[in-house]
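*Asks:* The structure is given below, and queries will be raised subsequently.
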Amino acid sequence: MNPQQKELIKATIPILRASGEDLTNYFYARMFKHHPELRNMFNMGNQANGRQKSALANAVLAYAENIEDPSVLIGVLKGIGTKHRSLNIQPEQYKIVGTHLIDSIGEVFGEAATLPILEAWTVAFYELADIMINLEKGLYEENVAKPGSWNGWRKFVIKKIVEESAEIKSFYLYPEDGKQIADFHPGQFISVQVFVTELNLLQPRQYSLSSTFNPEYYRISVKKESGIAPNPNGWVSNTMHSKSEGDVISISSPAGLFHLEKDSENPLVLISGGVGLTPMLSMLETNLNSIQNKKTIWIHGCRNESVHAFKDQISALKEEANHLETFTFYDAVTPENVISNEVIQGRVDLHKCKDSILLEEARYYICGPEMFIKTQYEALINLNVSQENIFYEEFGPQLINLN
C-alpha cells in the first residue's frame, strides 16, 4: 500500500466512527444474501443480538486507525486467527468477505466512497487478508502436527451428561473413531457444531474445556440460556441441553490463547463470574495435578447457590490441596449460607479479599460477562496490579480490549 492510499484510508476514519455499525450490518446482510451457505459457519445468535457487527466495526476502525503500522494489532489478529482455525475458516472465504465488504463500503458510504478510496480499501483488505491467511496457515500446520490433533470437524459421542447446577450441564465427549485425542492447555476451548432445528442451520459455538486433560475424553460444561426468542444466544445451549447420552456432535480440536502454562510456578488468582468458572476449573484441576504447592486463590460470583456449578467438587479440591483458598460471592444468600460463613453477599468485590490476592509475581485470570471483566480488571489496576499480569477471556466476539 502506497502513502497516498494510506492517507485515503485514514480519511475514512470519521465515517467509520460515525457509521461503522451501519456498514457492517449492511455487509452481513449482503454477504448472506449472496452466500446463504455461510450462515452455517457464522454464529447467528451474535448476528441477531448485534455483537458480531459491533466486533467487526471495531476491527475495521482499528485497522484504519493503525494503517501506518498494523503490527500493533498482532495480538488481536492472533486471537481472531485462533478462533478461525477452530472454525475451519479457509483462504477462499476471505475473497468472499473482501468482495462484499468493498461493495458495501461503496453502497453505504455513497458519494464519499470515491474510486480511489475503494481502490485503497481493496488493497488494504487484501494485505490484511494475506496476513491472516499466512497466520492461520501456521496455526493449522502447528495444530495438525500435535499427537491426536486434527483440523476441521471430528465426530464425538456424548457418553455422559451430568447436571452441575440448575442451569449448567457437563458433557463428556469421546471420539467416535476411538483414536487418540490432543492434549490442551488448561483454559482453552473447543468449537462445537450442532444442527439447530429452529434455524434449520448448523451452528458453531465455543465452549471452554472444564477439566484437566484426560486422554479418553473432553469435558465441556454448558449453561442453558433462558428464552430462545428474546435471547438468540440460547439456540445452541438449548440444543445441547436437549441432547441425550449416545448422541453424536462435531467438534474442533482445542484452541485458545487464554490459558495457564503448565510449567508456570507463579501464584494464581482466578476470578470468575457465572459460567466463566469453566476454564478456571480446568486450571485448578491441572494446577492440583502438577504443582501441589503453588498458591492459588479462586474468587467466584454467581446469583445464588442453586446456580453455583461444581460447588461440591471445589470444596473437595480445597480439602485436598492446602495451597487453595476460595472466596464465593452470591447476589442472594440463604440463612444457611450466612451460618456457614463461606459466602459473601453481593457482587464480587476484590477489595474485600485484597489481603489474600495481592501476591508477589501472581498471575490474574478473569472470565465472565463483559461488564464483569471490565469491573474486575479495573479493580486489579486500582490495587496496583500490573497490566502484564492480568489475562482475561471474553466469551463470544471480542468487544473489549483492556491490555
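Read the figures in this text as sums done on the coordinates, not as results from a lab. All values reported here derive from a predicted model rather than from experimental measurement. Heads up, the Cβs are rebuilt from the backbone with ideal geometry, glycines too, and the neighbour counts pull from every protein chain shown.
*Asks:* Taking only C-alpha pairs under 8 Å that are 6+ residues apart, what is the relative contact order of the chain in percent?
*Replies:* So the answer I get is 15 percent.
*Asks:* Can you tell me the FRET efficiency between Met371 and Lys159 if r is taken as the Cβ-Cβ distance and R0 is 35 Å, rounded to the nearest 0.05?
*Replies:* For R0 = 35 Å, the calculated efficiency reads 0.45.
*Asks:* Could you list Arg30, Arg347 so that the one with the fewest beta carbons within 10 Å of its beta carbon is first and the one with the most is last?
*Replies:* Lowest count first: Arg347, Arg30.
*Asks:* Moving to a separate point now. Cα axis of helix 91-109 to longest principal axis of the chain: angle in degrees, 0 to 90, nearest 10?
*Replies:* The two axes meet at around 60 degrees.
*Asks:* Past 23 Å, Cα to Cα: identify those pairs from Lys294/Lys318; Lys223/Lys311; Lys137/Lys159; Lys83/Lys159; Lys33/Lys243; Lys160/Lys318, in the order given.
*Replies:* Those over the limit are Lys137/Lys159; Lys83/Lys159; Lys33/Lys243; Lys160/Lys318.
*Asks:* How far, in degrees from 0 to 90, does helix 311-320 lean away from the longest principal axis of the Cα atoms of the chain, to the nearest 10?
*Replies:* 60
*Asks:* State the Cα centre-to-centre distance between region 332-381 and region 1-55 in whole Å.
*Replies:* 37
*Asks:* Against the longest principal axis of the chain, how steep is helix 51-65, in degrees 0 to 90 to the nearest 10, with axes from Cα atoms?
*Replies:* Long axis of 51-65 versus the principal axis of the chain: about 60 degrees.
*Asks:* Right, next: Can I get the semi-axes of region 159-310's equivalent ellipsoid? Compute them from the C-alpha gyration tensor as square roots of 5 times the eigenvalues, in angstrom, largest first.
*Replies:* The equivalent ellipsoid of region 159-310 has semi-axes of 27, 20, 13 Å.
*Asks:* Now for a different question. To the nearest 500 deg cm²/dmol, what mean residue ellipticity at 222 nm is calculated for the chain from DSSP H runs of n ≥ 4 alone, each contributing -39,500 (n - 2.57), summed and divided by the residues?
*Replies:* After summing the helix terms and dividing by residue count, I get -13500 deg cm²/dmol.
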